[in-house]
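Report on one structure; see the data block that follows.
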2 protein chains.
Amino acid sequence: MENFQFCIPTNILFGKGQIENLPQVMGDFGKNILLVYGGGSIKRIGLYDKVQKLLTDWNLYELSGVDPNPRLETVKQGIEICRKNSVDVILAVGGGSVIDCSKAIAAGFYYEGDTWEMIASHAPLKKALPIVTVLTIAATGSEADAGAVISNPDTKEKMALFDPAVFPKTSILDPEYTFTVPPKQTAAGSIDVLSHLMEQYFVPATTFMGDLLIEAVMKTVVKYAPIAMAEPDNYEARGQLMWGSTLADNATLCNGNRLAAFSCHSIEHELSAYYDVTHGVGLAIITPRWMEHVLSEKTAPRFAHFGKEVFHVHGKDDMESAKMAIDAVYKFFESLGVPMTFTEIGVGTEHFADMAKHAVQFGGLSHGWVPLNETDVITILEKCL
Amino acid sequence: MENFQFCIPTNILFGKGQIENLPQVMGDFGKNILLVYGGGSIKRIGLYDKVQKLLTDWNLYELSGVDPNPRLETVKQGIEICRKNSVDVILAVGGGSVIDCSKAIAAGFYYEGDTWEMIASHAPLKKALPIVTVLTIAATGSEADAGAVISNPDTKEKMALFDPAVFPKTSILDPEYTFTVPPKQTAAGSIDVLSHLMEQYFVPATTFMGDLLIEAVMKTVVKYAPIAMAEPDNYEARGQLMWGSTLADNATLCNGNRLAAFSCHSIEHELSAYYDVTHGVGLAIITPRWMEHVLSEKTAPRFAHFGKEVFHVHGKDDMESAKMAIDAVYKFFESLGVPMTFTEIGVGTEHFADMAKHAVQFGGLSHGWVPLNETDVITILEKCL
């Protein structure tokens with residue numbers, strides 16, 4: 001059992017109608033709010049109007065149109081609005097991209113140097129604007145963690161900011177706001193959650209309790225993702241996925257495990273730095289190929305155990321069971337209707353070498369459960385075609 | 001899935017050698033520390049000397065001799081020391097009793113009225129002194145929750161203070177400090193943890209993920225408690241029990257469940273208000289009798305499922321399986337070497353009526369998974385003789 005530090009200071013208000021507490025929550029901060037959101041979905045579901053109505057006593061400034069894979073440019077735009085209007089607090093209404101973008105703005109507000117340098121250098125932040133979130137998609141866990149991933153299209157880089165200063169102060173998680181998330185995004189979000197769990201499960205050393213806790217949430221995703229896609233307004237399914245996604249990403253489950261590189265995430269970050277690929281879709285394509293590539297006599301027992309617990313498959317020996325587990329993962333992702341090859345999403349071999357180089361350099365792949373070098377990454381990427 | 005609020009602001013430093021961070025942790029507060037501890041065990045294991053050595057730059061005042069089931073008198077004594085010496089922060093080095101006592105002192109320091117009234121009235125606290133803990137026994141979860149249980153021998157009452165103001169700021173959890181916990185206390189602590197989990201599991205409504213998460217930690221206790229007793233310095237066993245006990249008590253696992261009265265805890269609190277009984281021992285005696293008493297066609301399937309998952313027992317139908325589950329719980333507690341009857345610990349029928357009355361009145365037993373009235377409680381207590 002490894003040493004760890006555990007602190008999740010975010011106050012989470014979970015469930016129906018929690019939005020009504022927003023005025024009380026915002027009362028802890030000043031009067032100037034930057035409202036950050038993505039496309040028009042929060043308007044379609046009435047959440048935008050609800051927020052406006054609840055916050056008539058505040059000055060609301062807006063940054064809208066935050067993309068999936070939020071871009072540096074948008075972060076800079078947000079920082080400018082905050083500085084110009086002496087913004088006191090950021091209200092992020094949306095999914096992981098909106099929250100990640102808000103975190104980078106919150107940190108950049110006080111950072112005097114170049115914003116990309118701040119993100120890429122991983123230097124500790126002195127402070128950040130307070131952030132409040134209203135979550136509208138279960139996926140990244142950004143609502144209760146200290147991380148943010150930002151893309152720089154100019155340099156084809158996608159980098160993670162990670163600092164306790166950007167933990168949201170309060171996050172409102174109402175599963176009803178995810179009823180209108182389209183099947184494609186429900187699938188992508190659920191895959192992201194399952195991937196987070198797998199990255200914490202396939203590590204150099206695990207614990208008895210950690211295994212059971214992670215398996216608990218993996219089983220929950222496998223059970224409820226198809227239900228949420230078939231019955232978009234199934235509260236139980238949306239709720240379990242939403243709370244599962246929060247737990248999956250904030251280290252609650254894996255404490256005591258010896259963590260390693262998030263190998264599939266690191267490779268996928270390269271993919272979506274070069275192409276406009278939904279993170280969960282990239283993970284769906286890469287994950288089973290990564291499993292295939294790292295399968296060996298040494299890794300087979302762990303894959304076999306995973307397959308037995310999470311997908312109820314097992315064969316005559318560990319190697320056969322492991323192959324069945326890999327197949328089960330592939331079929332589960334496929335059943336959620338996501339494309340399962342690079343060809344389908346228009347990704348060719350043209351950037352494989354650079355992607356592999358970056359993934360090894362910045363993603364720490366050489367320290368993974370199974371260490372990967374550039375050749376390994378290229379082989380995995382080729383399997384994805 | 002029920003609405004919930006979730007916020008555990010305590011910063012947890014878990015693992016070997018984390019005590020070295022104590023000066024940095026205490027650096028956030030003023031120079032006057034009240035060091036609270038129990039008997040001599042922290043001296044025997046060298047922890048007392050270690051703390052003194054690390055904190056030579058601070059003024060240390062001491063409150064020692066805190067009993068299991070900490071008493072109001074001791075709390076008042078602590079408040080007096082704090083007021084007299086302008087204490088800035090309380091350092092609780094010990095188990096649940098020491099931490100609970102420290103919480104009541106921290107709250108009482110700022111409370112102008114009567115200390116028992118503060119505890120019994122459940123009125124929201126305005127503020128409390130900051131608390132830092134160094135945990136030396138895995139049991140109550142007090143190191144990362146907002147509760148404290150205090151006994152008032154004069155009135156034979158045992159009451160719980162519960163307020164976010166008393167969350168410890170930082171808790172240091174080093175499993176090595178529990179190596180010298182005697183088997184009897186290791187057993188009692190493990191039983192307390194399992195009981196916390198059962199109280200969150202046998203509730204009016206549960207969730208798929210909640211069940212799996214709670215079962216994960218129940219399985220961990222059942223696996224590692226006997227190992228920790230047989231091999232007191234087994235780090236993995238001590239570590240899993242320690243982190244499991246924290247998770248078991250701070251609502252991480254049960255979020256979304258419809259919680260109810262902690263029935264066995266409420267009855268046991270009455271027991272240890274009248275007699276000098278170790279909390280975990282009282283729970284061991286009461287829990288299987290409570291299960292027997294509430295067993296019915298309605299509750300049998302849940303007990304059966306619990307028995308199958310946690311103790312791997314199952315019979316020909318739910319009723320038989322449920323009885324086997326109750327038997328498994330009894331045998332598990334018995335195997336840990338604790339007394340399993342009131343007779344063995346010198347408890348007679350003399351206070352049953354008063355205990356039942358208090359338990360129903362203050363323990364909310366009428367709102368439990370299976371609601372209990374005074375007659376029910378007396379019947380359960382009689383089964384314990």
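The residues of region A:135-155 that are among the β-branched types (Val, Ile, Thr) and in contact with a Pro (Cβ under 9 Å, 6 or more places away or on another chain), listed by number, are A:Val149, A:Ile150. The listed residues are A:Ala359, A:Ala304, and the only one of them that is under 30 Å from A:Ala228 (Cα atoms), crowded, with 21+ Cβ neighbours inside 10 Å and small (Gly, Ala, Ser) turns out to be A:Ala304. Of the numbered criteria (1) surrounded by fewer than 23 Cβ atoms within 10 Å (Cβ to Cβ); (2) assigned to a helix (DSSP H, G or I); (3) modelled with pLDDT of 95 or more, the one A:Gln185 fails is (3). Of B:Leu60, B:Leu13, all but one fail to be at pLDDT 95 or above and over 30 Å from A:Asn250 (Cα atoms); the exception is B:Leu60. With respect to (1) more than 21 Å from A:Ser266 (Cβ to Cβ); (2) out of contact with any helix residue (DSSP H, G or I) (no Cβ under 6 Å at 6 or more places or on another chain); (3) surrounded by 23 or more Cβ atoms within 10 Å (Cβ to Cβ), the lone exception for A:Met198 is condition (1). Go through region B:162-187 and give me each residue that's more than 22 Å from B:Lys43 (Cβ to Cβ) and either of a type in the set (Ser, Thr, Tyr) or without any contact (Cβ under 8 Å) to a residue 60 or more places away in the chain (or both). Within region B:162-187, B:Phe162, B:Asp163, B:Ala165, B:Thr170 meet the criteria. Annotation: B:Gly189 fulfils all but one of (1) within 11 Å of another protein chain (Cβ to nearest Cβ); (2) within 22 Å of B:Ile12 (Cβ to Cβ); the unmet one is (1). Pairs please, first residue from region A:199-210 and within 7 Å of A:Asn257 (Cβ to Cβ), second anywhere and aromatic (Phe, Trp, Tyr), Cβ atoms under 7 Å, 6+ apart in sequence or on different chains. Partner pairs satisfying both residue conditions: A:Val203/A:Trp369.
Evaluate the following for B:Glu231: is it without any contact (Cβ under 8 Å) to a residue 24 or more places away in the chain and facing another protein chain (nearest Cβ under 9 Å)? Considered against the rule, which asks whether it is without any contact (Cβ under 8 Å) to a residue 24 or more places away in the chain and facing another protein chain (nearest Cβ under 9 Å), B:Glu231 comes out as no.
Please go through region A:212-227 and pick out each residue that is in contact (Cβ under 8 Å) with a residue 40 or more places away in the chain and either within 13 Å of chain B (Cβ to nearest Cβ) or of a type in the set (Lys, Arg) (or both). Within region A:212-227, A:Leu213, A:Ile214, A:Glu215, A:Met218, A:Lys219, A:Val222, A:Ala225 meet the criteria. Does B:Ser190 satisfy the criteria of being closer than 22 Å to B:Gly17 by Cβ, touching a residue at least 60 places away in the same chain (Cβ under 8 Å) and crowded, with 24+ Cβ neighbours inside 10 Å? Judged against the criteria, B:Ser190 is not a match.
Just one of the numbered conditions (1) in contact with a Ser or Thr (Cβ under 8 Å, 6 or more places away or on another chain); (2) facing chain A (nearest Cβ under 9 Å) is not true of B:Cys264: (2). Annotation: A:Ile33 fulfils all but one of (1) within 14 Å of chain B (Cβ to nearest Cβ); (2) in contact with a Phe, Trp or Tyr (Cβ under 8 Å, 6 or more places away or on another chain); (3) over 30 Å from B:Ala237 (Cβ atoms); the unmet one is (1). Would a scan of region B:299-310 turn up a residue that is touching a Leu at 6+ places or on another chain (Cβ under 7 Å) and modelled with pLDDT of 95 or more? Among the residues of region B:299-310, at least one is touching a Leu at 6+ places or on another chain (Cβ under 7 Å) and modelled with pLDDT of 95 or more, which makes the answer yes. Check region B:269-287 and report whether any residue there is of a type outside the set (Val, Ile, Thr) and within 14 Å of chain A (Cβ to nearest Cβ). No, region B:269-287 contains no residue that is of a type outside the set (Val, Ile, Thr) and within 14 Å of chain A (Cβ to nearest Cβ).
Tell me which residues, restricted to region A:100-141, are touching an Asp or Glu at 6+ places or on another chain (Cβ under 6 Å) and modelled with pLDDT of 95 or more. Correct list: A:Thr133, A:Leu135.
The values are calculated or read from the model by the stated rules, or taken from the named source; none is laboratory data. Nothing here was measured: the structure is a model prediction, and the numbers come from that model. No Cβ is skipped: glycine too gets one built from the backbone with ideal geometry, and neighbour counts run over all protein chains shown.
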